[in-house]
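Asker: I have a structure I would like to understand better, so I am pasting it below and will then ask my questions one at a time.
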Amino acid sequence: MRKNRRNFLFKAVLGAFAAPFLNVISCASRTPENSIDFPIVISTWYAGLNANKEAMRILKNGGNSLDAVEKGVKIAEADAENQYVGIGGKPDRDGYVTLDACIMDWNGNAGSVSFLQDIKHPISVARRVMEKTPHVMLVGEGAHQFALEEGFEKVDLLTKKSQKDWTEWKKTSEYKPIINTENHDTIGQLAIDKKGNISGACTTSGMAFKMHGRVGDSPIIGAGLFVDNEVGGAVATGLGEAVLRTLTSFLVVEFMRDGHSPQKACELAIGRLVKKHSNHKDFQVAIIALDKKGNYGSFAIQKGFEYALAHGDSNELAEAKSAI
């Protein structure tokens, strides 16, 4: 009798100890929903097509996912016609272009810059923060000084086109979120390389005509971007204030850790965000996600959000499902 009782207690303790690990195993071995072969790249908005093309070029040549996402989103940062990322980004209400970016690798390392001016590639500065400092985030003048010390060139980010838009905006000075404009205000990218390692990048010039000093979700680890190589990664785009209030990207990864597919995780995260914001019909938030097995997903509050998916020789734009 005592022996049976000891065996019962032993199994109960063992079961309690093993439960978290069994959950991870269950998550990793679930039936794929949208599974595709490695390497894979997924990005937000139309600008993601060119970003994916560059990232896939690196991955197909045996490069790692960190190099792929950095160089992928740099394509958008360097495109002066893209008014939401890097050079040519729309300014704040005082006429200054301020940039935010963050990057994460498969080891959990992260780097971020915010309120950075006069530097065309904030994503590369963020990577230098990750690799060359003991910090995760540098902001404002400190980030600018660090960039110059690292050899980045000072560039005037305000193009004639964006300056003209700013001058026109000042006639009314009306500030409100813009829903589903092309490329919106962010490019976020996730990639899995041939070794199965996941990295992510997120870069933006933020909401057009924002208050000087405003920072959104894009440079915040867990809000605009989160990667956990045991589970997967997620990137958010849209109204940063809403994303910050729910740490949306982290939430998606945690839903995946609990066993949900990337698609279901995105839907659950958007559902929570909608529940917490009674005015959700007035703005857009969208998410892309990728898990360790190569399953991907996307979901948005409103119709119109597009994401770019690249694998093999394919690189195509698709519209995400939405809550409303």
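The values are calculated or read from the model by the stated rules, or taken from the named source; none is laboratory data. Since the model is a prediction, treat every value here as computed from it, not as a measurement. Here the Cβ is made from the backbone with ideal geometry for all residues, glycine too, and neighbour counts use every protein chain on show.
Asker: Going through the stretch 209-220 one residue at a time, which ones are in contact with a Cys (Cβ under 6 Å, 6 or more places away or on another chain) and either among the hydroxyl-bearing types (Ser, Thr, Tyr) or over 19 Å from residue 141 (Cβ atoms) (or both)? Steps first, please.
Answerer: Taking the stretch 209-220 first, the residues in contact with a Cys (Cβ under 6 Å, 6 or more places away or on another chain) are 218-219.
Hit for the stretch 209-220 is 218, nothing else.
Asker: Can you tell me how many residues in the stretch 271-286 are part of a helix (DSSP H, G or I) and in contact with a Ser or Thr (Cβ under 8 Å, 6 or more places away or on another chain)?
Answerer: The qualifying residues number 3.
Asker: Kindly provide the set of residues from the stretch 303-324 that are basic (Lys, Arg) and either assigned to a strand (DSSP E or B) or surrounded by fewer than 12 Cβ atoms within 10 Å (Cβ to Cβ) (or both), ordered by number.
Answerer: Result: 321, single match.
Asker: Residues of the stretch 36-59 being farther than 13 Å from residue 188 by Cα and either of a type outside the set (Lys, Arg) or modelled with pLDDT under 95 (or both), which ones? Please lay out each step first, then the result.
Answerer: Pass one, the stretch 36-59, residues farther than 13 Å from residue 188 by Cα: 36-40, 53-54, 56-59.
Scanning the stretch 36-59 gives 36, 37, 38, 39, 40, 54, 56, 58, 59.
Asker: Quickly run through the stretch 95-151 and pick out the residues that are among the aromatic types (Phe, Trp, Tyr) and within 15 Å of residue 212 (Cβ to Cβ).
Answerer: Listed by number, the residues that qualify are 96, 115.
Asker: Same structure again: If you take the residues in the stretch 144-165 that are touching a strand residue (DSSP E or B) at 6+ places or on another chain (Cβ under 8 Å) and touching a residue at least 60 places away in the same chain (Cβ under 8 Å), which one is surrounded by the most Cβ atoms within 10 Å (Cβ to Cβ)?
Answerer: Looking at residues that are touching a strand residue (DSSP E or B) at 6+ places or on another chain (Cβ under 8 Å) and touching a residue at least 60 places away in the same chain (Cβ under 8 Å), I get 157.
Asker: Return the residues of the stretch 34-73 that are hydrophobic (A, V, I, L, M, F, W, C), outside any helix (DSSP H, G or I) and surrounded by 20 or more Cβ atoms within 10 Å (Cβ to Cβ); say none if nothing qualifies.
Answerer: 40, 41, 42, 45, 47
Asker: Moving on. For the stretch 217-267, which positions are assigned to a helix (DSSP H, G or I), touching an Asp or Glu at 6+ places or on another chain (Cβ under 6 Å) and farther than 19 Å from residue 110 by Cβ?
Answerer: Start the filter on the stretch 217-267 by keeping residues that are assigned to a helix (DSSP H, G or I), which leaves 240-246, 248-257, 262-267.
Cutting the leftovers down to touching an Asp or Glu at 6+ places or on another chain (Cβ under 6 Å) gives us 240, 243-244, 253, 256, 262-263.
Scanning the stretch 217-267 gives 262, 263.
Asker: I would also like to ask the following. Only residues that are of a type outside the set (Gly, Ala, Ser), surrounded by 24 or more Cβ atoms within 10 Å (Cβ to Cβ) and assigned to a helix (DSSP H, G or I): list them for the stretch 128-143, please.
Answerer: 129
Asker: Given the criteria of a type in the set (Gly, Ala, Ser), farther than 25 Å from residue 69 by Cα and out of contact with any Phe, Trp or Tyr (no Cβ under 8 Å at 6 or more places or on another chain), does residue 278 qualify?
Answerer: yes
Asker: Scan the stretch 62-114 for residues that are acidic (Asp, Glu), in contact (Cβ under 8 Å) with a residue 60 or more places away in the chain and within 15 Å of residue 124 (Cα to Cα) and jot them down.
Answerer: Result: 70, 77, 100, 105.
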